[in-house]
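Here the structure is laid out as structure tokens; the discussion comes afterwards.
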Amino acid sequence: MKDRRIVILTGAGISKESGLDTFRDPDGIWARLRIEDVATPEAFARAPGRVHDFYNYRRSGLLDPAVAPNAAHLALARLQQDWPGEVLLVTQNIDDLHERAGSPALIHMHGELLKARCLACGSVSPWREAMTVDSLCPACGADGTLRVHVVWFGEMPLEMERIYDALAACDLFVSIGTSGNVYPAAGFVAEARGNGRAHTVELNLEPSESHSLFAECRYGPATQQVPAFVE
Ligand code: BJW
């Protein structure tokens with residue numbers, strides 16, 4: 001890894017071998033549920049209990065003792081520790097497996113499953129329990145005002161300015177375990193290429209929607225491809 005200023009984007013594929021579902025694989029979440037029913041602000045306005053149930057189910061799955069960071073999360077954490085300040089890790093995942101692997105810093109552009117946001121006071125709080133339409137905000141005490149701190153379709157992903165600044169300045173962009181279906185993340189490879197010097201690499205189980213935009217592609221399970229690439 002002689003390149004400096006690295007941006008790494010991860011998606012659901014990196015956590016698959018830790019036991020968490022992807023979205024668009026044949027056994028993925030969107031094969032069982034409709035986006036419009038569980039992952040839009042309109043769905044939450046129409047049926048908040050159903051949306052809470054969906055995230056309660058995924059939160060309890062994430063907190064299952066059998067779910068732990070895998071070799072790919074650990075390799076990225078080591079890379080960040082070895083190159084302090086040079087690696088911006090951006091994840092679309094709402095799980096906390098990068099943190100548990102020891103990543104010192106990362107951007108959760110689609111939010112975090114283990115946090116709640118209050119629609120009354122705007123505070124974001126740690127949240128590990130089941131959430132209901134009656135849950136109380138830990139910060140302001142309002143009831144029925146909590147939602148999971150994730151980014152649904154039609155909402156603005158988090159920390160975009162910081163991400164675009166890093167893409168404009170990076171020498172290496174690596175995309176790991178993402179299908180390239182969801183914007184703006186799907187457009188990051190074009191942003192990186194647009195800076196005129198970034199080498200772009202896709203590490204995925206199979207070619208993503210945007211594989212042809214990458215200069216280098218390596219295919220196989222993340223637990224094999226990521227440690228091999230990083231080390
Ligand atoms: C492995 C593996 C192994 C498996 N090893 N690899 C046209 C119409 C309408 C809207 C749009 C449109 N064009 C663009 C949009 C906007 C929309 C969008 O992109 N829609 C598309 C569907 C077209 N995007 C948005 O709305 C976003 N906001 C936005 O654009 O804001 C800008 C804006 C807003 C408002 C006004 C103006 C501008 C928000 C997107 C939010 C995404 N939210 C979700 C759910 C919430 C979080 C959650 O519940 O978890 O985020 S959707 C879901 O997809 C989740 C993921 O983060 C995201 C990406 O999925 P990911 O990670 O790529 O997973 P998969 O399953 O797709 O792929 C897994 C890959 O891993 C596969 O390739 C496998 O092969 C691979 N794999 N095993 C390695 N072992």
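Looking across 77, 66, 116, 72, one residue alone is touching a residue at least 12 places away in the same chain (Cβ under 8 Å), surrounded by 15 or more Cβ atoms within 10 Å (Cβ to Cβ) and farther than 24 Å from residue 174 by Cβ. It is 116.
Each row is one residue, and each column tells you yes or no for (1) polar (S, T, N, Q); (2) within 15 Å of the ligand (Cβ to nearest atom); (3) crowded, with 21+ Cβ neighbours inside 10 Å.
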| residue | (1), (2), (3) |
| --- | --- |
| 143 | no, no, no |
| 147 | no, yes, no |
| 153 | no, yes, no |
| 156 | no, yes, no |
| 161 | no, yes, no |
| 168 | no, no, no |
| 171 | no, no, no |
| 177 | no, yes, yes |
| 185 | no, yes, yes |
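Could you go through the range 121-136 and let me know if any residue there is within 16 Å of residue 41 (Cβ to Cβ), surrounded by fewer than 21 Cβ atoms within 10 Å (Cβ to Cβ) and in contact with a Gly (Cβ under 8 Å, 6 or more places away or on another chain). Among the residues of the range 121-136, at least one is within 16 Å of residue 41 (Cβ to Cβ), surrounded by fewer than 21 Cβ atoms within 10 Å (Cβ to Cβ) and in contact with a Gly (Cβ under 8 Å, 6 or more places away or on another chain), which makes the answer yes. Inspect all residues belonging to the range 128-135 and state whether any of them is within 30 Å of residue 221 (Cα to Cα), more than 7 Å from the ligand (Cβ to nearest atom) and either touching a helix residue (DSSP H, G or I) at 6+ places or on another chain (Cβ under 6 Å) or in a strand (DSSP E or B) (or both). No, the range 128-135 contains no residue that is within 30 Å of residue 221 (Cα to Cα), more than 7 Å from the ligand (Cβ to nearest atom) and either touching a helix residue (DSSP H, G or I) at 6+ places or on another chain (Cβ under 6 Å) or in a strand (DSSP E or B) (or both).
Here is the figure for the range 200-212: residues that are surrounded by fewer than 18 Cβ atoms within 10 Å (Cβ to Cβ) and touching a helix residue (DSSP H, G or I) at 6+ places or on another chain (Cβ under 9 Å) total 2. Please verify whether the range 98-118 includes one or more residues that are touching a Gly at 6+ places or on another chain (Cβ under 8 Å) and either hydroxyl-bearing (Ser, Thr, Tyr) or outside any strand (DSSP E or B) (or both). Within the range 98-118, none of the residues are touching a Gly at 6+ places or on another chain (Cβ under 8 Å) and either hydroxyl-bearing (Ser, Thr, Tyr) or outside any strand (DSSP E or B) (or both).
Kindly indicate the residue of the range 192-214 that is under 24 Å from residue 160 (Cα atoms) and of a type in the set (A, V, I, L, M) and also nearest to the ligand (Cβ to nearest atom) among those meeting that condition. Ranking the candidates gives 203 first. Against the test of being within 16 Å of the ligand (Cβ to nearest atom), of a type outside the set (Asp, Glu) and modelled with pLDDT of 95 or more, the options 60, 103, 123 yield a single qualifying residue, 60.
Name, by its number, the condition in (1) closer than 18 Å to residue 93 by Cα; (2) surrounded by 14 or more Cβ atoms within 10 Å (Cβ to Cβ) that does not hold for residue 44. Only one criterion in (1) closer than 18 Å to residue 93 by Cα; (2) surrounded by 14 or more Cβ atoms within 10 Å (Cβ to Cβ) is unmet by residue 44, namely (1). Considering only residues in the range 1-21 that are free of Cβ contacts under 8 Å to residues at least 60 places away in the same chain and not basic (Lys, Arg), the one that is farthest from residue 91 (Cα to Cα) turns out to be 19. Residues that are touching a helix residue (DSSP H, G or I) at 6+ places or on another chain (Cβ under 6 Å) and in the same structural domain as residue 178 (by TED's automatic domain parsing) number at least 2 in the following helices (runs of 4 or more DSSP H) confined to the range 14-93: 71-82.
The values are calculated or read from the model by the stated rules, or taken from the named source; none is laboratory data. All values reported here derive from a predicted model rather than from experimental measurement. Reconstructed Cβ throughout: ideal geometry from the backbone, glycine too, with neighbour counts over all protein chains shown.
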